[in-house]
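Right, one structure below, let's go through it.
The values are calculated or read from the model by the stated rules, or taken from the named source; none is laboratory data. Remember, predicted model here, so these are calculated numbers, not experimental data. Counting neighbours? That spans all protein chains shown, and the Cβs are built from the backbone with ideal geometry, glycine included. Heavy atoms of the whole protein, side chains included, go into the accessibility calculation; ligands, DNA and RNA do not. Shrake-Rupley method; radii C 1.70, N 1.55, O 1.52, S 1.80 Å.
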Amino acid sequence: MRWTERQTAMLHEMGIRLWSPQPGPHGADDSTPLPPAERGVGAADAALRSGGPAPVVAGPVVASLGDVAALGWNDLRDAVVACTACGLCKGRRQTVFGVGHRRAHWMIVGEAPGEQEDIQGEPFVGKSGQLLDNMLRAVGLGRNEPQHVDADAAAARQVYIANTIKCRPPGNRNPEPDELARCEPFLIRQLQLVRPKIILAMGRFAVQSLLRSSEPIGRLRGRVHQYQGIPLIVTYHPAYLLRNPEDKAKAWDDLCLAAAAARGA
Ligand code: SF4
């Protein structure tokens, strides 16, 4: 495969090194990338699937998808902001709802907010966010509104990003199964509202939530799964990739697979 100059630059941003084109024995160059690296869910959910902490605003306790199934974007966001359905509400500075185009063709699902997400109120910020942005840019996508394009083109080029869980677990610990279960209706409703053509599930908890699988990412990536009839690609979380840069080439393969699946969709 030959990379365009832009793709090469983006792969460089991701930290993926490419073979320098070397003349072969017959004078041909060969530019090839280096190989490096439950719980109480309501029946409605199951059917659908196949500075310091801010004061918590007393509000509705969301316990099932039925509580949010009819909500539009603004009411859904308000419900998340007011949510006290699990103990994570006690330590959050703010909820982290989601960002991007509300009719995006691509929906990125991450795990739980970290410290910077909790501070800024946006998923995937800090170093992980920068890596995600670079990865998306490499396939012509971004989280911000593209300039000078019509609405359809914007939906095709701007992603929607949401986390599996909307409040930061203290000390960045893993979310508990009960916390994942209580927060899940919000993600399901976001997926229903966006209706993406492709879902990119990044990391273990996104995969557990969307595919009901506890298999390692390494066994699930590399093929097209389905979530409610929507193609779903499993890949590594950017935070993992920062710790394990040898797996960035696999993440690139996953992005290419997602792009192909989106085109097929
Ligand atoms: Fe509500 Fe989700 Fe936050 Fe728990 S993590 S309080 S379920 S918004």
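Can you say whether GLU179 is open to solvent by less than 10 Å² (accessible area, probe 1.4 Å), within 12 Å of the ligand (Cβ to nearest atom) and farther than 21 Å from ARG143 by Cβ, as far as the supplied structure shows? When the stated conditions are applied, GLU179 does not pass them. In the range 102-110 there is no residue matching the filter, namely being more than 20 Å from ALA258 (Cβ to Cβ) and open to solvent by 50 Å² or more (accessible area, probe 1.4 Å). Among residues that are at negative phi and buried (at least 20 other Cβ atoms within 10 Å of the Cβ), ALA251 is included.
Against the test of being within 16 Å of the ligand (Cβ to nearest atom), outside any helix (DSSP H, G or I) and open to solvent by 10 Å² or more (accessible area, probe 1.4 Å), the options ARG189, ARG168 yield a single qualifying residue, ARG168.
Within the range 90-100, can one find any residue that is in contact with a helix residue (DSSP H, G or I) (Cβ under 8 Å, 6 or more places away or on another chain), within 15 Å of the ligand (Cβ to nearest atom), open to solvent by 50 Å² or more (accessible area, probe 1.4 Å) and not acidic (Asp, Glu)? I'd like the intermediate steps shown before the answer.
Start the filter on the range 90-100 by keeping residues that are in contact with a helix residue (DSSP H, G or I) (Cβ under 8 Å, 6 or more places away or on another chain), which leaves 91-98.
Retained after the next criterion (residues that are within 15 Å of the ligand (Cβ to nearest atom)): 91-98.
Still in the running and open to solvent by 50 Å² or more (accessible area, probe 1.4 Å): 93-94.
From what's left, not acidic (Asp, Glu): 93-94.
Scanning the range 90-100 turns up at least one residue that is in contact with a helix residue (DSSP H, G or I) (Cβ under 8 Å, 6 or more places away or on another chain), within 15 Å of the ligand (Cβ to nearest atom), open to solvent by 50 Å² or more (accessible area, probe 1.4 Å) and not acidic (Asp, Glu).
Among the candidates ALA138, ALA153, the residue that is open to solvent by less than 40 Å² (accessible area, probe 1.4 Å), farther than 21 Å from TRP252 by Cβ and aliphatic (A, V, I, L, M) is uniquely ALA153. In the range 229-265, the qualifying residues are those that are out of contact with any Leu (no Cβ under 7 Å at 6 or more places or on another chain) and outside any helix (DSSP H, G or I), and the one that is farthest from MET107 (Cα to Cα) is ASN244.
Only one of the listed residues (ILE161, ILE230) is within 16 Å of the chain's Cα centre (by Cα) and either small (Gly, Ala, Ser) or buried (at least 21 other Cβ atoms within 10 Å of the Cβ) (or both). That residue is ILE161.
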